[in-house]
Every structure is written in structure tokens, then in C-alpha cells.
Amino acid sequence: MNVFRLLGDMSHLLAILILLLKMWKTRSCAGISGKTQILFALVFTTRYLDLFSSFISIYNTTMKLFFIASSYFTIFLMYSKFKATYDSNHDSFRMEFLVVPVGGLAFLVNHEFLPLEILWTFSIYLESVAILPQLFMVSKTGEAETITSHYLFALGSYRLLYIFNWVYRYYFDGFFDLIAVVAGCVQTILYCDFFYLYITKVLKGKKLSLPA
Amino acid sequence: DVELDDKDEL
């Protein structure tokens, strides 16, 4: 565990807490893509099946359980408790366009052709593109609430920090996982446009809005 | 080579 990895995890945790807090305080999930949240639940479920097969640390287990539980709780809030505020008309990205190709790729390009390994690979690939429905929703409505922008910034920072973590691990631990690194870079690149808008607008006190 | 049994990253 190095400092980049820890900051990355904390950033990920912060993102989830911001999202939950936003929904709980405003009693609304307006502007949040339910599709992206379903994909994240699928990501955590398929990746953390090793909870049943191997124990790494209390930290590792706790975080995994929190990520899984919070993702299903988010879905419950969006599709049940605060259903009336869910903006389904603007959340029109088709999940199968991501899940099907990613599933195929996980079968073809993996470290080892074993069920758990293929599911892990699937989750890594899926996570890299799971934010697309959310970004699509922001671009469709042309704006995002400031709190939603903070959520997205924390979520994007998490994967950027993981890249620094991989660079560190490559040089100091001799560790390199090509699948995780490539997918992580793709994931981070998807946030670049958003990072630019966040820094030039949201940090200057303006609401994130896209040019018409 | 990648160690498959030790996925400590989240």
C-alpha cells in the first residue's frame, strides 16, 4: 500500500459518500444516471467474489463490503425510495452496448481462462466505461449540479491516483498488471473533458454547464 | 508474471 493507492481509495470512498449525501439531503437523485449506478453494482459484484475465496486484510474486506453495499443501496434509493425524482428520460444510454462487448473482451483477453479470473477481468473492463451513461446524461441535459460535479471529480481522481500507484508499484515493487493499467488509463481519459470543465468552471464558483 | 491469487487492489 503506497500513498497514491491510499489516496485513490479515499477518493473513491469520498465520491460514494458525496453521492449518498446528495441524495439523502436533497431527497432526490436528479441528474444521476441509474444506468451507471447499476453498472457499478455489477462491477463490484463480479470483482469482489474473491471475498469468498481469499482474505487479504481487514481493510481490503471492509472496503469491498462497503463498495458492494453502497452500490446496491444507491440503486435502491434511485429505483425505489426516490424513484419520483429519477430523470429516466435523460438516462437513455443503452447498458447492453457496454456489457456485451466488455463481456466478449473479458473472455478473449484475460490473464487466465478461469471463471473468477474472467469475472475479475470483466469487472475491470466494465468499470473503465461504466461512467459513460452518466457523462452522456450530463451532455444531454447540458449541465450538472455542483454536488454532482464534485462526485464525478472525486470518482475520476480515484482512477488517476491509481495510475500513479501503478507507476510507483512498477518501479518499487516490480508489479505490473497490463489489463488493470490499460483499462485504468482508458477510464481516466474518459474523465479528461470533465476535469477541464470542473477546473475552469466549478472551481471558480460556476455551475457546470456545457455550451449549447 | 501476474500473481492471480493476490488481488489486493480494490
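Before moving on, here are some points about what is shown:
- To the nearest ten degrees, helix A:96-108 and the longest principal axis of the Cα atoms of chain A are 10 degrees apart.
- Between helix A:115-129 and chain A there is an angle of about 30 degrees, using the helix long axis and the longest principal axis of the Cα atoms.
- For A:Glu143, the residues whose amide H sits under 5 Å from its own are A:Leu210, ignoring neighbours fewer than 5 places away on the same chain, with H placed 1.01 Å from N.
- A cut-off under 15 angstrom between Cβ atoms defines the neighbours of A:Phe195, and their net charge, with Lys, Arg +1 and Asp, Glu -1, is +2.
- Neighbours of A:Met137 by Cβ distance under 9 Å: Lys/Arg scored +1, Asp/Glu scored -1, total 0.
- A:Cys192/A:Lys81 FRET efficiency (R0 30 Å; Cβ-Cβ; nearest 0.05): 0.35
- Between A:Ser92 and A:Leu114, residue separation times 0.36 nm minus the direct Cα-Cα distance comes to 4.5 nm.
- For A:44-54, mean number of other protein chain Cβ atoms within 10 Å: 1
Throughout, read-outs are computed from the coordinates displayed, never taken from laboratory work. All figures in this text were calculated on a predicted structure; none of them were measured in a lab. Every residue, glycine as well, gets a Cβ built from its backbone with ideal geometry; the counts of neighbours run over all protein chains shown.
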